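Bear in mind these aren't lab numbers, they're just calculated from the coordinates by the rules spelled out. Please read these numbers as outputs of a predicted model, since none were measured by experiment. Note: ideal-geometry Cβ built from the backbone for every residue, glycine included; neighbour counts use all protein chains shown.
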Amino acid sequence: MKESISSLTYYTIERSIDWFEQKHHQTFRTLLLYEESIASSDQTFSLNDVHDVSYRPFSNGTGLFYLHTNRGVFTFGVNENPNEFINSYKRLKGDPFAF
């Protein structure tokens, strides 16, 4: 099995209503960056199909990580700054300004 270059923990929230009470269940998963792909818990994206990655932070310390692909934009909720993951992706794509 190939070793990942970088990883990013993201979360999903499942909402349910039980006896007039709304419940939220948060599950943590890992986004993995490989030499030729990015894999989430349920999808794998070839790096050839990924156009860009970006991040929008919120004032409470969380944010949204965006994966821009030829199949659309996929959004991942994160509790940490994904700069290391983003820079690793940009280095793989040959961005001379990635550090």
Worksheet item: In the chain, which longest range has no trypsin sites (Lys or Arg not before Pro) that are both DSSP loop (not H, G, I, E or B) and surrounded by at most 14 other Cβ atoms within 10 Å?
Response: 3-70
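Could you tell me which of rounded, prolate or oblate describes region 53-98, using a ≥ b ≥ c as the square roots of the eigenvalues of the alpha-carbon gyration tensor, with rounded for a/c under 1.5 and, failing that, prolate when a/b is larger than b/c and oblate otherwise?
oblate
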Item to complete: Return P(r) of the chain (all Cα-Cα pairs; 10 Å bins starting at 0; whole %; ordered from short to long distances).
Response: 15, 45, 28, 9, 3, 0
Worksheet entry | Cleavage-rule hits, chymotrypsin sites (Phe, Trp or Tyr not before Pro), region 15-74, DSSP coil, Cβ neighbours within 10 Å at most 14 | Trp19, Phe20, Phe58
Practice prompt. Determine ³J(HN,Hα), in whole Hz, for all residues of region 32-41 in sequence, where each value follows from phi through the Karplus function 6.51 cos²θ - 1.76 cosθ + 1.60 and θ = phi - 60°; x replaces Gly and Pro.
Written response: 10, 9, 10, 4, 10, 7, 10, 10, 9, 5
Discussion item. Quick check on the exposure proxy: order Val53, Val73 from fewest to most C-beta atoms within 10 angstrom.
Written reply: Val73, Val53
Discussion item. Neighbour counts of other C-beta atoms within 10 Å: give me His24, His68, His51 arranged from fewest to most.
Written reply: His24, His51, His68
Item to complete: Report ³J(HN,Hα) in whole Hz for each residue of region 5-17, in order, from the Karplus equation J = 6.51 cos²θ - 1.76 cosθ + 1.60 where θ = phi - 60°; Gly and Pro get x.
Response: 7, 8, 9, 9, 7, 10, 10, 10, 10, 9, 10, 9, 10
